[in-house]
Amino acid sequence: MHFKHPEILWALFFLLIPVIIHLFRLRRFQKTPFTNVKFLKAIQQKTRKSSQVKKWLVLLTRMALLTCLIIAFARPYYPHSEDSGKTAETVIYLDNSFSMQARGAKGELLQQAIRDIIAGSQDTDGSLSLFTNDRTYAGISISAVKQELLQLGYAAEHPEPKSVILRGKNLFGKDTTTRKNFILISDFSGWTENDIPPSDSLVSYNLVQLTPQHIRNTTIDSIYLDRQTGTQLLTVLLSKNDSTALTLPVSLYDDDTLIAKTTAAFDGSKTKAEFRLTPDQTINGKVTIDDNGLLYDNIMYFNLDTGEKVKVLAIGEAESDVLKRIFTDDEFDYLSRKLSQLDYSLISRQDLVVLHGLNNVPSSLQSTLKTFTDEGKNILIIPSGNPDQESYLQLFKALKTGTINKIYTGNISVTGEHSGPQGSNRKTGGKDRKKITDIRLSHPLFEQVFEGTQQQLTNFQYPEAYQILDINTAAGTVLGFEDGRPFLAEKDRVYFFTAPLDASYSNFRNSPLIVPVLYNIGKSALKAPQLYYLTGKDYTIDIRTDDNRSSETVLSIEKEGRQFIPMQRTFPGKIQITTGQIPLEDGIYHIQNPDSILRNISFNYDRKESDLRYLSPNTVTGIPVYDSVQKVLTEIKNTGSIRELWKWFVIFALVFLVTEILLLKLFK
């Protein structure tokens with residue numbers, strides 16, 4: 001038996017006082033004369049013996065009465081466990097990710113969990129905190145946040161399991177004597193047994209895994225556009241998490257107007273639907289499907305417009321057929337000028353300037369290019385086979401790209417033969433043609449170029465080249481030689497090759513790498529709005545503007561009255577905005593200035609929640625797994641509960657009080 005207030009038991013020592021009074025109480029007797037006391041003496045002896053018994057019984061009942069009252073005030077109890085009676089701290093994690101849209105026996109899993117929390121947490125002892133993927137309620141009562149919980153929506157953000165555990169543990173207090181209960185309520189989609197925290201002596205973990213009745217789900221994975229001659233082909237990729245045959249209607253809308261409808265037939269887990277659109281057709285589009293699984297992935301927004309062409313100016317000694325084939329008219333506004341015929345005023349109106357095969361770069365051009373990069377624009381340098389060392393040294397210095405240590409030159413053949421000019425005081429290149437084996441697949445130029453998350457290429461024929469420029473630079477390598485030196489590098493929007501792309505110096509122009517590299521360098525020069533973006537990610541978008549626009553005008557992104565102002569930088573002819581991790585809601589947004597809408601952009605939720613792979617409870621060891629919120633709350637309450645005994649002692653005290661009254665009245 002334990003006591004909540006054991007200090008009150010010290011009052012039991014006061015029971016000695018009535019005993020002492022009883023034992024040493026002095027009585028005064030008054031003598032009364034009687035004529036005949038013979039019979040009276042006998043009665044007096046009998047009464048005195050009965051009186052002594054009565055007094056002892058009254059003393060014992062009084063002491064028992066006081067003892068029961070003292071023990072009752074000390075609050076005795078029997079514990080159900082070793083943690084019984086301790087102050088409780090409860091932290092609840094409620095997963096409100098999109099996978100909780102799945103339907104269980106009582107409706108959507110999230111709504112089912114909210115109802116159970118409200119019903120079962122009303123009489124929770126101690127402090128209570130609750131957090132979701134995007135909200136935190138610390139030190140609250142469920143009744144105080146009942147309305148907020150009932151209106152709780154789904155969050156696009158799905159934190160990592162380690163982040164969830166850390167957030168929950170940080171909500172507990174520092175007192176190590178309290179009983180800490182951490183309840184995780186989720187379907188545990190995407191969790192593995194390695195994500196489950198180990199048993200903790202301070203924190204008691206309890207998992208509540210809510211299981212949907214059906215796990216079949218179909219999702220719109222992505223959309224892409226193929227501009228063809230005389231038409232635009234919009235392709236919608238769909239997937240589902242089983243291999244059963246299925247035919248599904250797919251609808252295409254312009255705003256809220258249905259403009260096309262087709263069907264997609266599954267003969268496996270993936271399929272696609274296609275819509276043919278007229279050339280230059282612009283729509284604020286959305287694609288929808290009818291599926292009873294998760295709801296968030298049944299719709300995808302996109303914007304289709306004429307798009308902004310990237311302006312590219314190639315400056316060289318001769319026309320480059322490679323650049324002309326890559327920078328095509330449908331996406332680029334490509335110009336090629338010889339250095340001797342160059343109008344310098346063209347440069348400021350471009351997004352990308354390519355120096356292709358120049359032997360000499362005049363100082364006037366260097367100065368113009370320096371101003372060009374200061375305005376946030378891009379340059380690509382492809383050296384010639386016989387570059388002038390001094391002009392190239394000054395060019396790289398002006399662009400703050402690096403320092404040229406050596407320039408290797410000469411007439412180099414593909415077979416490795418080389419010969420330098422007579423009397424040349426420069427080192428002759430091409431002693432060994434080197435392979436370009438260092439391909440930085442994580443560089444933005446290779447984003448979505450290779451499938452999956454490859455770290456290196458296999459069964460790939462690496463291109464080769466003769467290095468012309470030996471540069472000491474802090475630029476980031478995009479492509480590198482096998483000896484670690486850069487073949488293509490980038491620093492502060494200046495890309496440069498260290499070898500010519502002519503066939504006599506390199507076979508890179510025959511490599512499958514040349515198209516994505518040069519194409520993505522061109523596309524990166526203008527961050528034109530994409531078909532759509534993903535919510536919660538950081539994007540940079542370039543918006544062309546009037547050259548007369550005031551630099552003090554601020555652009556905003558707006559949807560249905562909700563507006564936020566992104567980070568932005570103003571350059572001649574364009575504004576560059578950075579979204580940050582906003583917005584968090586999908587839909588079509590307007591990029592606007594105070595006077596008008598400049599462009600529409602679309603955001604969609606990441607589809608990672610559509611992969612419904614759940615944690616198996618059989619793989620979890622050392623931590624209890626429940627199938628309902630009510631069960632875990634009841635178990636926690638029972639674990640911390642105690643069997644109160646003070647009521648019994650009050651009853652005993654009343655019994656002794658009644659006994660004493662009866663002794664005083666009836667006992668003679």
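The values are calculated or read from the model by the stated rules, or taken from the named source; none is laboratory data. For clarity, every value in this text was computed on a predicted model and none was experimentally measured. Neighbour counts are summed over all protein chains in view; Cβ atoms, including those assigned to glycine, are modelled from backbone coordinates with ideal geometry.
Remark: Ser269 falls outside the filter, which requires a residue to be among the small types (Gly, Ala, Ser) and under 19 Å from Gln448 (Cβ atoms).
Quick grid of which residues meet (1) within 18 Å of Glu464 (Cβ to Cβ); (2) part of a helix (DSSP H, G or I):
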residue: Gly484; (1), (2): yes, no
residue: Phe487; (1), (2): yes, no
residue: Tyr495; (1), (2): no, no
residue: Ser504; (1), (2): yes, no
residue: Val517; (1), (2): yes, yes
residue: Asp542; (1), (2): no, no
residue: Glu552; (1), (2): no, no
residue: Glu558; (1), (2): no, no
residue: Gln563; (1), (2): no, no
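Filtered by the rule that a residue be closer than 12 Å to Ile591 by Cα and loosely packed, with under 13 Cβ neighbours inside 10 Å, segment 563-575 gives Gln563, Ile565.
Would it be correct to say that Ser243 is polar (S, T, N, Q) and part of a loop (DSSP other than H, G, I, E, B)? It is true that Ser243 is polar (S, T, N, Q) and part of a loop (DSSP other than H, G, I, E, B). For segment 586-614, the set of residues classified as at pLDDT below 90 and assigned to a loop (DSSP other than H, G, I, E, B) consists of Asn593, Pro594, Asp595, Ser596, Asp611, Leu612, Arg613, listed by residue number. Could you tell me whether any residue of segment 455-465 is in a loop (DSSP other than H, G, I, E, B), touching a strand residue (DSSP E or B) at 6+ places or on another chain (Cβ under 8 Å) and modelled with pLDDT of 85 or more? Checked against the condition, which is being in a loop (DSSP other than H, G, I, E, B), touching a strand residue (DSSP E or B) at 6+ places or on another chain (Cβ under 8 Å) and modelled with pLDDT of 85 or more, segment 455-465 yields at least one hit. Restricting attention to segment 216-240, the residues that are buried (at least 17 other Cβ atoms within 10 Å of the Cβ) and either in a loop (DSSP other than H, G, I, E, B) or of a type in the set (Val, Ile, Thr) (or both) add up to 6. Of all residues in segment 519-540, those satisfying the criterion of being touching a Leu at 6+ places or on another chain (Cβ under 7 Å), assigned to a loop (DSSP other than H, G, I, E, B) and of a type in the set (A, V, I, L, M, F, W, C) are Ala525, Leu531.
Conditions tested, residue by residue: (1) surrounded by 14 or more Cβ atoms within 10 Å (Cβ to Cβ); (2) farther than 17 Å from Val322 by Cβ.
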position: Thr437; (1), (2): yes, yes
position: Glu447; (1), (2): no, yes
position: Phe460; (1), (2): no, yes
position: Tyr466; (1), (2): yes, yes
position: Ile471; (1), (2): yes, yes
position: Ala475; (1), (2): yes, yes
position: Val494; (1), (2): yes, yes
position: Ala503; (1), (2): no, no
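Every residue, every condition in (1) assigned by TED's automatic domain parsing to the domain that holds Ser628; (2) modelled with pLDDT under 90; (3) surrounded by 18 or more Cβ atoms within 10 Å (Cβ to Cβ); (4) under 20 Å from the mean Cα position of the chain (by Cα), yes or no:
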| residue | (1), (2), (3), (4) |
| --- | --- |
| Leu130 | yes, no, yes, yes |
| Gln147 | yes, no, no, no |
| Leu166 | yes, no, no, yes |
| Thr177 | yes, yes, no, no |
| Phe182 | yes, no, yes, no |
| Ser186 | yes, no, yes, yes |
| Gly190 | yes, yes, yes, yes |
| Pro198 | yes, yes, no, no |
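Being farther than 18 Å from Lys574 by Cβ, polar (S, T, N, Q) and either surrounded by fewer than 22 Cβ atoms within 10 Å (Cβ to Cβ) or not assigned by TED's automatic domain parsing to the domain that holds Arg337 (or both) is the filter here; which residues of segment 365-401 pass it? Result: Gln366, Ser367, Thr368, Ser384, Asn386, Gln389, Ser391, Gln394. One residue is enough: does segment 420-437 have a residue meeting the conditions part of a loop (DSSP other than H, G, I, E, B) and modelled with pLDDT of 90 or more? Among the residues of segment 420-437, at least one is part of a loop (DSSP other than H, G, I, E, B) and modelled with pLDDT of 90 or more, which makes the answer yes.
Residues that are touching a residue at least 60 places away in the same chain (Cβ under 8 Å) and either exposed (fewer than 15 other Cβ atoms within 10 Å of the Cβ) or outside the structural domain of Val632 (by TED's automatic domain parsing) (or both) were ranked within segment 103-122; the one that is nearest to Lys174 (Cα to Cα) is Ala119.
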